[in-house]
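A.B. asks: Sending over a structure as structure tokens; questions will come in a sec.
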Amino acid sequence: MSQTFERLRVLLGEIYDLERVGFLLAWDQETTMPPDGAATRAEQRATIGRAAHERLVSDELGKLLEELRGEEESLPYESDEASLIRVARRDHEKASRVPTELRAEILRAGALGLGAWLEARERRDFEVLRPHFEQLLELRRRYIDCFDPTDEPYDVLLDDYERGFTTPETENVLEHLKRELVPLVEAARDADGPVLEGPFAVEGQRAFSLDLLERLGSDRRSWRLDHSEHPFTASIGITDIRLTSHFKEEHLGGIFAAIHELGHGLYERQISPSLARTPLAGGASAALHESQSRMWENLVGRSRAFWRFAFDDLRAALPEALADVELDRFFGAVNRIRPSLTRVDADEITYNLHIVLRFELERELLSGRLEVRDLPEAFDERMLGYLGLEVPDHRAGVLQDIHWADAGFGYFPTYSLGNVMSVQIWEKACGDLGDLDGRIERGDFGDLREWLREHLHRHGRKFTPRETLERAAGAAIDPEPYVRYLKGKLGEVAGVAVS
């Protein structure tokens, strides 16, 4: 390639490094930083974000991309080089709409919001977070104003996570799920299911999870697992994958959270090394990323085949709680369908109703139809209306998720979009590989990992989310396979037949 292209790679590598240092600062804030470091950390994250943004919108980068138009047109569309120029140009043009100081201010406010969220949860008081929330919402409105005023405002935020998806498309998928799932929730409401009784030793859960993650595909030279209030994954680089979980004595949700985060980590770890230190070295979209975490958590990790493989090891790790528990009872308990207050602990069928209510609230907040001070009450009303649950306090309600406190408006719908995509990709993998249940029961996950690497992971951000899904699943997004899967799960777990 030309010297111009090589200079482009150098500049993009610097931007990548700065952005990943920002990720590292955020990871540290949620895992090991003492609480009083929040104000300083906010300035550090703002400084790093400003430096990255200045390079991304620089005249030099714009000139390089313009000079490379001819080379791009002469290259195959799917080549690394053409993809790098194409994606960098889009990133540059979009970022150029946003003032550097606004970008830094959003990062600073998000870091401060995270600290306030942690304090608000501890005190179970939304008022601690409210001034930060109001500032973050106003900053997001200013961000939206940087773009075409004829655009649907929510489209601007959604595009940051799910490039090319529109609000009406997303609303159609969520409305389809809501229409199909509300009757399923009602049908399962009176179904009995086994319950596991703890306490479940935290150290036993952690030790089991570390061993399990290695058997699923992690290794201790390029992965680590830490504690955070809200589980997440941070990719500092293709060979530096940081997972977190939150193990509690009351339930086994931390184990499933660890499996969930492994799905995110595998996506980042299996990106082609040729894309390292470029804007292509990341997932194609938030929903495609979520398709991988939900696939490993639910389609693999909550399957009967998986626990035929893993249950004896879990029982050995937690003998006091599980020594007398049989596999069938355990399988029924971890798949129990029952509305729950917390999104991350929700069963597969009720989970998406948690997303629907957040999507609706976000749009009302952005439009001004809902004031921030009224958000807790509105949240509680929808929890009662959609899930039939009374919310006891703010910690269990509006404060349960980190995303709004860290400026993540527009992110929530990608969870449900990812659920839908997960089944589409899973069905294609099953069709290509054959007996996946048999492999899983034997503890053989290599074929599935390799299939995902070849058809999805290795491409990183080379293609748009739509193109990436077509390559992996062979079809555009379609909620029907997911609905069929959930109906089958309802029948298997609760014995409830639905047409």
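Every number here is computed from the coordinates shown, using simple stated rules; none is lab data. Being a predicted model, the structure only gives us computed values, none of them experimental. Heads up, the Cβs are rebuilt from the backbone with ideal geometry, glycines too, and the neighbour counts pull from every protein chain shown.
A.B. asks: What share of all Cα pairs of the chain, in percent, falls into each consecutive 20 Å distance bin?
C.D. replies: Final binned percentages: 22, 59, 18, 0.
A.B. asks: If R₀ is 51 angstrom, what is the calculated FRET efficiency for the pair D59 and R329, using the beta carbon separation as r and rounding to 0.05?
C.D. replies: My answer for the efficiency is 0.20.
A.B. asks: Shifting gears a bit: Relative to the present Cα-Cα distance, how much length would full extension add between D226 and M33 at 0.36 nm per residue of separation?
C.D. replies: The span from D226 to M33 would gain 68.2 nm if fully extended.
A.B. asks: So if each residue of separation counts as 0.36 nm, and I subtract the Cα-Cα distance between D190 and D313, what length gain in nm does that give?
C.D. replies: Result: 41.0 nm gained on full extension.
A.B. asks: Then there's this: From the C-alpha gyration tensor of region 3-150, pull out the three semi-axes of the equivalent ellipsoid (sqrt of 5λ each), sorted largest to smallest, in whole Å.
C.D. replies: Working: eigenvalues 253, 61, 29 Å².
Each semi-axis is √(5λ); the values are 36, 17, 12 Å.
A.B. asks: Sticking with this structure for a sec: FRET efficiency for E93 and S274, Cβ-Cβ distance as r, R0 = 30 Å, nearest 0.05?
C.D. replies: Working from the Cβ atoms, E equals 0.75.
A.B. asks: How long is the gain from S74 to R458 if the chain were fully straight, where each residue apart is worth 0.36 nm and the alpha carbon distance is subtracted?
C.D. replies: Full extension from S74 to R458 adds 135.9 nm.
A.B. asks: If you take every DSSP beta bridge whose two residues both sit in region 167-494, what share of them, in percent to the nearest 5, is antiparallel?
C.D. replies: Antiparallel: roughly 50 percent of the beta bridges in region 167-494.
A.B. asks: Rank-order 266-275, 210-219 by packing density, defined as the average count of other C-beta atoms within 10 Å over each peptide's residues, highest first.
C.D. replies: 266-275, 210-219
A.B. asks: Rounded to the nearest 0.05, what FRET efficiency is calculated for E249 and V498 with R0 set to 45 Å and r the Cβ-Cβ distance?
C.D. replies: Rounded to the nearest 0.05, the efficiency is 0.80.
A.B. asks: Give me the Kirkwood hydrodynamic radius of region 342-499 in Å, from all C-alpha pairs, to one decimal place?
C.D. replies: 18.1
A.B. asks: In deg cm²/dmol, rounded to 500, what helix-only [θ] at 222 nm does the chain give when every DSSP H run of at least 4 residues adds -39500 (n - 2.57) and the total is split over its residues?
C.D. replies: That calculation yields -20000 deg cm²/dmol at 222 nm.
A.B. asks: Using amide H atoms built 1.01 Å from N in the peptide plane, name the residues 5+ places from L370, or on other chains, whose amide H lies under 5 Å from its own.
C.D. replies: Those qualifying (amide H under 5 Å, at least 5 residues apart or on another chain) are L365.
A.B. asks: Sort S222, S416 so that the residue with the fewest other Cβ atoms within 10 Å of its own Cβ comes first and the one with the most comes last.
C.D. replies: Lowest to highest Cβ neighbour count: S222, S416.
A.B. asks: Okay, moving on. Could you sort out which of K178/K248; K94/K178; K428/K487; K428/K489; K248/K489; K94/K462 sit more than 28 Å apart by Cα distance in this structure?
C.D. replies: The answer is K178/K248; K94/K178.
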